[in-house]
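All remarks here apply to the structure that follows.
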Amino acid sequence: MARAAWAAWLLVLLCCGAWTPRRILVSAATDANDVTALNTLFTSMNSPGQLQGWKASGGDPCSESWQGITCSGSSVTAIKLPGLGLSGTLAYNLNTMDSLVELDMSQNSLGGGQQIPYNLPNKKLERLNLAGNQFSGGIPYSISTMPKLQYLNLNHNQLSGDITDIFSNLPSLTTVDLSSNSLTGNLPQSFSSLPSLKTLYLQNNQLTGSINVLANLPLDDLNVANNRFTGWIPDELKKINSLQTDGNSWSTSPAPPPPPFTAPPHSRSNRRKSPGQHSNGSNNSSSGGSSGIGAGAIAGIIISVLVIGAVVAFFLIKRKQRKGAMPEHYEQRQPFNSFPSNEVKEMKPIQEATTLEVESLPSPAAVNLKPPPKIERNNSFDDNDIASKPVAKKSNAAPVKATIYSVADLQMATDSFNMDNLIGEGTFGRVYRAQFSDGKVNGSTLSVRCFSFLLDKKDWTSLH
């Protein structure tokens, strides 16, 4: 009997030992990183009681069937908690959930006026829905690191600022809903890099600029109503089955013509063709087309160069002709140049006399006469210069007969130094023809040299 009792106790102990490891294995069925991230999410949402099965520490979400959690094996693949009145914010370590495919936290009160956390799951995430919350700030750049993202919904939040270029590396994205926020600025150019986009909702924002960046997208449903868009609606978008554009400032004038179409390079198409498909004919035609385009470009360049050269040569020739036709008025210290005139030939030569006879004429009545025009020269003289210069005395110089005339006499005789009486011009001044009609000179014609530095002198000397 004693042996039987000991055997029974040993059997009970063995059963307990076998049951305990199994319980441990069951509790560790969910990936440890996923358990830690869900524990943090539970506490960051203020440990809501409506989440059945959730714990702030430990637990087994997959085997214990936590509310809104979907698993595949030991990995959490989906978190779906829409419309549960949740508050607080998202966990900071959701990016450690490498197998998460869908995150739906829509129609709650998450955010509390704070930005969307940067550390969102990104490796396998396909659907992200944070609509109907209280997130503010801009769209997080971490969305650009979700290569498999197909669905993005951030509507009815408090997002503001420009939409940055975060859509360049999202080839699978088919639906984007950013409506009912306070987004501003122009549409990003990276929108044109969404080859799979079918649905785009941007209504009820403050977006500006044109929507031309959306023209070549394969859209079936587009809503840009109640923004501040300007310009024209591209013809490509007018063909969309569901298009809403009301509440903008579209231009009513005719739209400008589209830019000319540029064919893609033939080399790329040849690379895409398999070696066995029409290798001879297609290659020949493509090579001929590329050579034709090259010849046309070369011909255009040559014609442009010739036209530009002809225009430049024409202007150079015109410029030389203008320079050749322009008279030279420039004169520096030239010798006396006389003007051809019949009256000049009749001028009497200077007569030599043995004695110097000085005669003075009676001063005429005062008349209002104009002074002779002054001539600007490179070198000017004044009375002091004239007085300081020594008078060169020549020995055996023959005396000449000179008559002294006043300025008034000369002005009357030359008609106030009229240009019609101008005979010539030399280094020190101009020479005028003077006609006297008094009894002393008997109407003879004299040549008067007008020195520009003697304009203020009372009497002038004329040689006859």
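The numbers here are math on the coordinates, done by the rules we state, and not lab data. Bear in mind that the values here come from a model prediction, so they are computed numbers and not experimental data. Glycine also receives a Cβ, built like all others from the backbone with ideal geometry; neighbour counts cover every protein chain displayed.
Quickly rank 216-222, 174-180 as a protection proxy: mean count of other C-beta atoms within 10 Å, highest first. Walk me through the intermediate numbers first.
Working: 216-222: 16.4, 174-180: 19.9.
Going from most to least packed, we get 174-180, 216-222.
Length gained on full extension, Asp165 to Ile317: 49.2 nm, using 0.36 nm per residue less the C-alpha separation.
Rounded to the nearest whole Hz, the Karplus-based 3J(HN,Hα) values (6.51 cos²θ - 1.76 cosθ + 1.60, θ = phi - 60°) of region 116-126 follow the sequence 5, x, 6, 7, 8, x, 9, 5, 10, 5, 10, with x at glycine and proline. Along the Cα-to-C-beta direction of Thr199, a point sits 7 Å from the Cα; which residues of region 122-150 have their amide N less than 15 Å from that point? Answer for region 122-150: 127-132, 150. Looking at region 63-141, the trypsin sites (Lys or Arg not before Pro) that sit in a DSSP loop and have at most 16 other Cβ atoms within 10 Å of their own Cβ are Lys123.
For the residue pairs Lys123/Lys238; Lys123/Lys198; Lys148/Lys238; Lys55/Lys124, the C-alpha atoms sit more than 28 angstrom apart in Lys123/Lys238; Lys148/Lys238. Amide hydrogen proximity for Gln115: with H placed 1.01 Å from N in the peptide plane, the residues at 5 or more positions away or on another chain lying under 5 Å are Ser136.
Inter-label distance, Ser172 to Ser249: 4.1 nm, where each label sits 7 Å from its Cα along the C-beta direction.
From least to most packed, judged by other beta carbons within 10 angstrom and beginning with the fewest, Arg322, Arg228 follow the order Arg322, Arg228. Taking amide H as placed 1.01 Å from N in the peptide plane, Leu159 has its amide H under 5 Å from the amide H of Ser182, each at least 5 places away in sequence or on another chain. Once the C-beta distance of Gln158 and Leu306 is scaled by a Förster radius of 56 Å, the resulting FRET efficiency is 0.30 to the nearest 0.05.
Per-residue 3J(HN,Hα) values for region 182-193, derived from phi via the Karplus relation 6.51 cos²θ - 1.76 cosθ + 1.60 with θ = phi - 60°, read 10, 6, 10, x, 7, 5, x, 5, 5, 4, 6, 9 Hz in sequence order (x marks Gly and Pro). Descending by average beta-carbon neighbour count within 10 Å, the peptides 50-60, 103-113 line up as 103-113, 50-60, the highest first.
What is the calculated FRET efficiency for Lys80 to Ala297, with r their C-beta to C-beta distance and R₀ = 41 Å, to the nearest 0.05?
Taking R0 as 41 Å, the efficiency between Lys80 and Ala297 is 0.10.
Report for region 20-250 the percent antiparallel among DSSP-assigned beta bridges with both residues inside it, nearest 5. Of all bridge pairs located within region 20-250, approximately 10 percent are antiparallel.
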